[in-house]
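Trainee: Below is a structure I'd like to ask you about.
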Amino acid sequence: MSLLVYLDGKLVPKEEAKISVFDHGLLYGDGIFEGIRSYNGRVFKLEEHLKRLSDSAKAINLNIPLSLKELKEAVLLTLRSNNLKNAYIRLVVTRGVGDLGLDPQKCPQPTIFIITDKIVLYSEEFYEHGLEIITVPTRRNIPEAVNPCIKSLNYLNNILAKIEATNAGFLEAVMLNSEGLVTECTGENIFIVKDSCLVTPPCWVGALRGITREVVLGLSLKLKIEAKEDVLTRYDLYTAEEMFLTGTAAEIIPIITVDGRMIGNGKPGKITTSLRNAFTELTQNEGTVVA
Ligand code: PMP
């Protein structure tokens, strides 16, 4: 049976899940989204994702026509209808159909859709042996323009960085801000270990407040690993003892080189591995029950 997609209150086969070419999500990237995940029949950090969606909507002056409770029910309904226990969930709210001008006031009804499917971002070998990454020329959007805290449909900034990485033969890129400070990767937050302390950049440098990032900071407390937010330069990356990226799709992925510099001994570090194990346990045992 075909995958069912939630589209504006209805479940439709994926072949029929279509939106208008006049939708401003498509015409202007005017919209917001969340990438969520379910493990073992439970949706991980669903409330947190819905809260971030609601904050993104606030920030772009978009009124989502469903309450958070209704959105939650729609996510669970979509998962149930597809009988998915381990899934990647894409929840999107666009400004909706308007005319060819920019004016969002001419878009009376936001479009909401939810796709539930599988996602494999990186193959297993990278989780085991670590990933090699580079810094790229394209800088992260400045927060005074489109704030990277807004999870908007405008991903061209990240896509340009991704293209630079893949053209150079790498799978992921570190993006710096206009001042040269480390922000995040194209779809993940970044952490290093320095002097046995976990460090991640504060979001004001120009990074999404990742849900996985927050989970890792919480786990570090539990595991009694010292952790802090601090600004990072490329020098801090090159001299780190350990490094990893976090994201809903990527989970926790170890990094073993940056711009050709070996991190630690070139193998996933101890702190990274203990956080990965704790993260896996949490995702298997926590979350909003789907059934
Ligand atoms: N930064 C960016 C730019 C992202 O797209 C993502 C993935 N949504 C993240 C960080 C990680 O956020 P989360 O842990 O909430 O998935």
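Trainee: For segment 176-291, what's the radius of gyration and Dmax over Cα atoms, in angstrom?
Mentor: Taking only Cα atoms of segment 176-291, I get Rg and Dmax of 13.9, 48 Å.
Trainee: Now for a different question. Considering only C-alpha atoms, what is the centroid distance from segment 223-291 to segment 13-80, in Å?
Mentor: Using only Cα atoms, the two centres lie 27 Å from each other.
Trainee: In the structure shown, do any of K151/K194; K51/K222; K51/K151; K45/K151; K69/K118; K58/K151 have a Cα-Cα gap over 18 Å, and if so which? Could you put the intermediate results ahead of the total?
Mentor: Working: K151/K194 29 Å; K51/K222 24 Å; K51/K151 12 Å; K45/K151 16 Å; K69/K118 24 Å; K58/K151 11 Å.
Checking Cα-Cα distances, K151/K194; K51/K222; K69/K118 exceed 18 Å.
Trainee: Can you tally the net charge around V199? Count Lys and Arg as +1, Asp and Glu as -1, for every other residue whose Cβ sits under 13 Å from the Cβ of V199. List each step's numbers first, then the result.
Mentor: Details: positive: K194, R213, K228; negative: D195, E226, E229, D230, D236, E241, E242.
Result for the local shell: -4.
Trainee: Collect residues whose amide H, placed 1.01 Å from N in the peptide plane, falls under 5 Å from the amide H of T186; neighbours closer than 5 in sequence don't count.
Mentor: Under 5 Å from the amide H of T186 lie the amide H atoms of A173, each far enough along the sequence or on another chain.
Trainee: For segment 224-235, in order, what is each residue's ³J(HN,Hα) by Karplus, 6.51 cos²θ - 1.76 cosθ + 1.60 with θ = phi - 60°, in whole Hz (x at glycine and Pro)?
Mentor: Rounded to whole hertz, the list is 6, 9, 5, 9, 7, 8, 7, 5, 10, 10, 4, 4.
Trainee: Here is a follow-up. Express the relative contact order of segment 221-269 as a whole percentage, based on alpha carbon pairs under 8 Å and six or more residues apart in sequence.
Mentor: Details: 48 pairs, mean separation 14.8, N = 49.
Result for segment 221-269 is 30 percent.
Trainee: Considering amide H positions built from the backbone, and no H for Pro or chain starts, which residues 5 or more places from L208, or on another chain, come under 5 Å of its amide H?
Mentor: It is none; the list stays empty.
Trainee: Another one. Under 8 Å for C-alpha pairs, at least 6 residues apart: give me the relative contact order for the chain, rounded to a whole percent. Each step should come with its number before you reach the end.
Mentor: Numbers: 601 pairs, mean separation 57.1, N = 291.
After rounding, I find 20 percent.
Trainee: Hey, another quick one. Please order R42, R213 by the number of other Cβ within 10 Å, starting at the fewest. Let's see the in-between values first.
Mentor: Values: R42 19, R213 23.
Ranked by crowding around the Cβ, least crowded first: R42, R213.
Trainee: I need to check one value: relative contact order of segment 1-87, counting alpha carbon pairs closer than 8 Å and at least 6 residues apart, in percent. Don't skip to the answer; put the middle values down first.
Mentor: Numbers: 72 pairs, mean separation 26.4, N = 87.
In percent, rounded to a whole number, it is 30.
Trainee: Hey, another quick one. Okay, helix-only estimate at 222 nm for the chain: each DSSP H run of n ≥ 4 adds -39500 (n - 2.57), divide by all residues, round to 500 deg cm²/dmol; what do you get? Let's see the in-between values first.
Mentor: Working: 8 runs with 84 residues, N = 291.
Taken over the chain, the calculation gives -8500 deg cm²/dmol.
Trainee: Give me S38, S54 ranked fewest to most by other Cβ atoms within 10 Å of their Cβ, as a rough exposure proxy.
Mentor: Working: S38 24, S54 18.
Result, fewest neighbours first: S54, S38.
Trainee: May I pose another question? Provide, as a two-decimal number, the C-alpha radius of gyration of the chain over 2.2 N^0.38 Å, N being how many residues it has. Spell out each step's value before the answer.
Mentor: Working: Rg = 19.3 Å, N = 291, 2.2 N^0.38 = 19.0 Å.
Compared with the compact-globule rule of thumb, the chain sits at 1.02.
Trainee: Another question about this same structure. Quickly work out the Q109-to-E286 label distance, labels modelled 7 Å from Cα along the C-beta direction, and quote it in nm with one decimal.
Mentor: 3.9 nm
Trainee: Please turn the phi angles of segment 211-221 into ³J(HN,Hα) values with the Karplus equation 6.51 cos²θ - 1.76 cosθ + 1.60 (θ = phi - 60°), one per residue in order, whole Hz, x for glycine and proline.
Mentor: Each residue of segment 211-221 in turn: 5, 5, 4, 5, 4, 5, 4, x, 5, 5, 4 Hz.
Rule-based calculations on the coordinates, nothing more; no lab input. Since the model is a prediction, treat every value here as computed from it, not as a measurement. Cβ sites come from the backbone with ideal geometry, for glycine too, and all protein chains shown count toward neighbours.
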